[in-house]
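S.K.: Encoded as structure tokens, here's the structure I'll be asking about.
The values are calculated or read from the model by the stated rules, or taken from the named source; none is laboratory data. Remember, it's a predicted structure, so these values are computed and weren't measured experimentally. Here the Cβ positions follow ideal geometry from the backbone for every residue, glycine too, while neighbour counts run over all protein chains shown. Note: areas computed on protein heavy atoms with side chains; ligands, DNA, RNA excluded. Shrake-Rupley method; radii C 1.70, N 1.55, O 1.52, S 1.80 Å.
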Amino acid sequence: MRILSGIQPSGKLHIGNWFGMMKPALELQDQGETYLFIANYHALTSVSDPDALRRETLNVALDFLACGLDPERTVFFRQSDVPEVTELTWLLSIVTPMGLLERCHSYKDKTAKGLSPNHGLFAYPVLMAADILAYQSTTVPVGRDQKQHVEVTRDIALKFNNLYGPVFTIPEPSIRDDVAVVPGVDGQKMSKSYNNHLELFGDVKELRSRIMRIVTDSKSLADPKDPETCTVFRLYRLFAAPADARAMAERYRAGGYGYGDAKKALFEAMQNALAPFRRRRAELSENLDGVEAVLRKGAERARTAARETLDKARIAMGLA
Ligand code: ADP
Ligand code: TRP
């Protein structure tokens, strides 16, 4: 099994990213060879400030290393340090039907949110397919919103293999159903673009105030409450031990337990869960050269694998 996933350095990582992508990807480190990269080519579709892109790329590297990415076991790199994927993107473009890209939700969603409707944004799934196929990945852990892109990747790979011979491994998405969508403070899907997120490594005061502003219904303290429909409880359950989550659910149902208390408990649970990561991140920030060295070494390993696939594709297509 070869596992691959990427994340865009387009803003601070939040707990939706953690439960939906980072945690599952890190857990898979034990199950096979893992490739994890910072998708800075993809981020160019939304970040136009070069300093911001460099800063956020470094932040993502720190976040992953702080959260338990082991660079010995996992090939961890910056997407743009492997330029082979951009060449592969072109080769894959040749077998990508326009209709396949036109059906992708992300282009429509992102242009509706104001991103520039350029070719890069439209062709984004082909670059993602190149990321996945370059390393002959078998398993791609992603959130539900990225599932369509893995399906597009499969279609492209099958089409290529049919036309030119068996060059690519057909990948499978791996979606954790139990944590499919983490709600944001307004109850919608947590996303930095809705500004309803709770940052993984944000300022503690800001975290507390965002938790205190989580939208709840207007039931009074005495009323029994439904934990399953409450954003505070749904977030608490992600961080608390199962017994503590069951205890909170009982308090909700019994009545006499207010949302304010639940929010305080959520804040505490988050703080406890994230404290070791915060400590590790502070240590890593003291040694940025070390972080850079990790990314460079990862890129070397990634390039070797990508080169091999690219050469096969070039030969299959008659370029070499
Ligand atoms: P955002 O919506 O904040 O821009 P991204 O689209 O960059 O987040 O998502 C990066 C990764 O994190 C993807 O794999 C995505 O599926 C996952 N992810 C993002 N938000 C959530 C969420 N609320 N719940 C679960 N997974 C999420
Ligand atoms: N498009 C993904 C996102 O926005 C990031 C990404 C780029 C990716 N290439 C990938 C994820 C390859 C998995 C595999 O979240």
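S.K.: Ignoring ligands, DNA and RNA, please state the percent of accessible area on region 179-320 from carbon and sulfur, probe 1.4 Å.
M.R.: 50 percent
S.K.: Just from its helices, what would the mean residue ellipticity at 222 nm be for the chain, if runs of 4 or more DSSP H residues each count -39500 (n - 2.57) and the sum is divided by every residue, rounded to the nearest 500 deg cm²/dmol? Write down the numbers at each step before the final one.
M.R.: Values: 13 runs with 171 residues, N = 320.
Taking each H run of at least 4 residues, the total per residue is -17000 deg cm²/dmol.
S.K.: While we're here: Taking 7 Å along the Cα-to-C-beta vector as the label spot, tell me the residue 246-residue 101 distance in nanometres, rounded to one decimal.
M.R.: 5.2 nm
S.K.: Where the convex hull is taken over the Cα atoms of region 89-219, what is its projected area averaged over directions, in nm²?
M.R.: 10.6 nm²
S.K.: Going by the alpha-carbon gyration tensor, a ≥ b ≥ c the square roots of its eigenvalues, is region 164-243 rounded (a/c under 1.5) or, if a/c is not under 1.5, prolate (a/b greater than b/c) versus oblate?
M.R.: prolate
S.K.: Putting +1 on Lys and Arg Cβ atoms and -1 on Asp and Glu Cβ atoms, find which of 138, 309, 238 reaches farthest to the positive end of the dipole of the chain.
M.R.: 238
S.K.: Can you list the GluC sites (Glu not before Pro) in region 222-302 that are in a DSSP coil and have 13 or fewer other beta carbons within 10 angstrom?
M.R.: 286
S.K.: What residues of region 199-229 lie in the reach of a label at residue 253, counting those whose backbone N is under 12 Å from a point 7 Å from the Cα along Cα→Cβ?
M.R.: So the set is 225-228.
S.K.: Report the normalised scattering of region 17-147 as log10 I(q)/I(0) at q = 0.18 Å⁻¹, calculated by the Debye formula with identical scatterers on the alpha carbons.
M.R.: -1.18
S.K.: How many percent of the accessible area of region 1-152 is carbon or sulfur, using a 1.4 Å probe?
M.R.: Carbon-and-sulfur percentage of accessible area, whole number: 55.
S.K.: Ignoring ligands and nucleic acids, what accessible area does residue 230 show with a 1.4 Å probe (Å², nearest 10)?
M.R.: 10 Å²
S.K.: How much accessible area per residue does the chain have, in Å², with a 1.4 Å probe?
M.R.: Per residue, the chain has 46 Å² of solvent-accessible surface.
S.K.: Provide Rg over Rh for the chain; use the alpha carbon set for both Rg and the Kirkwood Rh (inverse mean inverse pair distance).
M.R.: 1.01
S.K.: At 7 Å along the Cα-to-beta-carbon direction for both residue 148 and residue 297, put a label point, then send me their distance in nm to one decimal.
M.R.: 4.0 nm
S.K.: So, one more: May I ask you to derive the FRET efficiency for residue 204 and residue 162 from their Cβ-Cβ distance with R0 = 35 Å, giving the value to the nearest 0.05?
M.R.: 0.05
S.K.: To check you understand DSSP bridge types, tell me what percent of the beta bridges within the chain (both residues inside) are antiparallel, rounded to 5. Walk me through the intermediate numbers first.
M.R.: Details: 2 of 17 bridges.
Once the DSSP bridges in the chain are tallied, antiparallel ones form about 10 percent.
S.K.: Holding the Cα-Cα limit at 30 Å, pick out from 23/113; 113/312; 192/264 the pairs that are longer than that.
M.R.: On the way: 23/113 28 Å; 113/312 39 Å; 192/264 23 Å.
Checking Cα-Cα distances, 113/312 exceed 30 Å.
S.K.: If you don't mind, there's one more thing I want to ask. With each pseudo-label sitting 7 Å past Cα toward Cβ, what's the residue 212-residue 271 distance in nm, one decimal?
M.R.: Each label point is offset 7 Å from its Cα along the Cβ direction, giving 1.3 nm.
S.K.: Evaluate the charge dipole of the chain about its Cα centre and quote only its size in Debye, nearest 20, assuming +1 on the Cβ of each Lys and Arg and -1 on the Cβ of each Asp and Glu.
M.R.: Result for the chain is approximately 500 debye, rounded to the nearest 20.
S.K.: For region 256-310, taking Cα atoms only, what is the radius of gyration to one decimal and the Dmax to the nearest whole Å?
M.R.: Gyration radius and largest Cα-Cα distance of region 256-310: 20.5, 64 Å.
S.K.: Further question: Just order 84-90, 136-142 by mean Cβ neighbour count inside 10 Å, highest at the front, would you?
M.R.: Final packing ranking: 136-142, 84-90.
S.K.: If you don't mind, another one. Keeping every protein chain in place, order 319, 198 by accessible area at 1.4 Å, biggest value first, i.e. largest first.
M.R.: 319, 198
S.K.: Along the charge dipole of region 192-282, which of 265, 222, 254 sits closest to the positive end, that is, farthest toward it, with unit charges on the beta carbon of Lys, Arg, Asp and Glu (+1, +1, -1, -1)?
M.R.: 265
S.K.: Separate question: Grab every C-alpha pair in region 192-282, bin the distances at 5 angstrom width from 0 up to the longest one, and report whole percents.
M.R.: For region 192-282, the pair-distance distribution reads 3, 14, 25, 23, 18, 11, 5, 2, 1.
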